[in-house]
Amino acid sequence: MKTEVEVLVIGAGQAGLAVGYYLQQHGISYHIIGKEKRIGDVWRNRYDSLTLFTPRAYSSLPGLKLAGDPNGYATKDEIADYLQAYADYHTLSVQLDTEVVSLRQTGGQYAVHTNQGDILAHQVIVATGPFQKPFIPEFAQGLSDKVYQIHTAEYINPSQLQDGSVLVVGGGNSGAQIAVELCEDREVYLSVGHRMKFLPLQLGNRSIFWWFDKLGIYRASIETKRGQWVRRQSDPIFGKELKKLITNSKVKIKAKASSVEHQTFTFADGSHVEVQNVIWATGFHPDYSWVDIPGVLDRNGRPLHERGVSPMEGLYFLGLPWQYRRSSALIGGVGMDAEYLIHRIRGIAN
């Protein structure tokens, strides 16, 4: 099978759907492809207790509000169902169960080889998002087979773990949520490599994101001093539940994990802990190994771009952390970046 489109969008998550909406609004021929079985599976397959820290008022894509209390916080299944409903509502052109094998440039077009056949496109938007290849430190190879280990990408709920204590490695919001969940009936350690900052979800009966918006932080771009300052800060933990558990010693904080031998972890401060379970909340690596076009990725394999516009004409990226704003990789912020790319795409398509 070989098809040809004006704009091919690779990725059927929030970024791909948002830009698909704008492409459709402007009458530009497009097609979205995604490797999932169902729209929203990226969210649907994450851990059971996952809840957004952005309220519903800041968790919608352009053209359709997320239903429910605007001041409440959506679950991961709610977001998954919303993305499916969004695609249906706007009758977006989406082809699922389609994984890209390679992206090349040929004869002034882009040739995309997939497991479902080849696609030729005049322009391509790579909207695969920031969560691609789970990262686990190399020293994890020293871990005994007696210790159960899992990355947050595969973690679903506590029933996966064996009896005994657990070490959560990584102090982001996912690691924080999981540590809170696990400490109900077992000893929990949380290893972090930086000083943790906690922000309340609500401040004066308003969401903290409402305040971010009013203060210009939520939409601050990388071109402003405010945005540059925010970008230098480590991400805060939203909500105070973990802080209370740390104060009550229900969750024990450890320094950055530096090595492991058998069942014993050693930390940057020289302390040791022996555990029966490890959850790696250590984030993800970008994986653009299928992009076979010189000059579009840096030496670390990350996209070279300016506001999502690649050095290669007709190639764009969307949904990257800090693509232009603090909110670029959030559901409520990706639409602004998508709309910007449409202006660039229209200049070529029309």
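Just so you know, all these numbers are worked out from the coordinates, no wet-lab data involved. All figures in this text were calculated on a predicted structure; none of them were measured in a lab. When we count neighbours, we look across all protein chains shown, and the Cβ atoms used for this are built from the backbone with ideal geometry, even at glycine.
Values as computed for the structure displayed
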| read-out | value |
| --- | --- |
| 11 Å beta-carbon shell around ALA74, net charge (K/R +1, D/E -1) | -2 |
| Unsatisfied cross-links (Cα-Cα over 18 Å) in the set LYS197/LYS254; LYS197/LYS243; LYS146/LYS252 | LYS146/LYS252 |
| For SER60, SER289, order by how many other beta-carbon atoms lie within 10 Å, fewest first | SER289, SER60 |
| Dipole of the chain [Lys/Arg +1, Asp/Glu -1 at C-beta], most positive-end residue of GLN263, GLY227, GLN24 | GLY227 |
| Cβ-defined net charge surrounding GLY129, 15 Å radius [Lys, Arg +1; Asp, Glu -1] | +1 |
| Tensor-based shape of segment 18-174 (alpha-carbon gyration tensor, a/c under 1.5 rounded, otherwise prolate or oblate) | oblate |
| Packing-based exposure ordering (other Cβ within 10 Å, fewest first) of LEU61, LEU167 | LEU61, LEU167 |
| Listed candidates (i) 1.05; (ii) 0.95; (iii) 1.68 - label of the one calculated as Cα Rg over 2.2 N^0.38 Å | (i) |
| Shape category assigned to segment 92-222 from the gyration tensor of Cα positions, a/c cut at 1.5 | oblate |
| Choice from GLN123, GLN25, GLN276 showing the highest fluctuation, given a GNM over the chain with Cα pairs closer than 10 Å | GLN25 |
| TRP322 paired with ASP269, simple spin-label distance in nm, labels 7 Å along Cα-to-beta-carbon | 2.8 nm |
| Anisotropy class of segment 42-120 from Cα gyration tensor, a/c 1.5 cut | prolate |
| Peptide ranges 36-44, 200-208 listed from the most packed, as the mean C-beta count within 10 angstrom indicates | 36-44, 200-208 |
| Span from the segment 192-221 Cα centroid across to the segment 1-25 one, whole angstrom | 32 Å |
| Neighbour-count ranking [beta-carbon atoms within 10 angstrom, fewest first] of GLU313, GLU181 | GLU313, GLU181 |
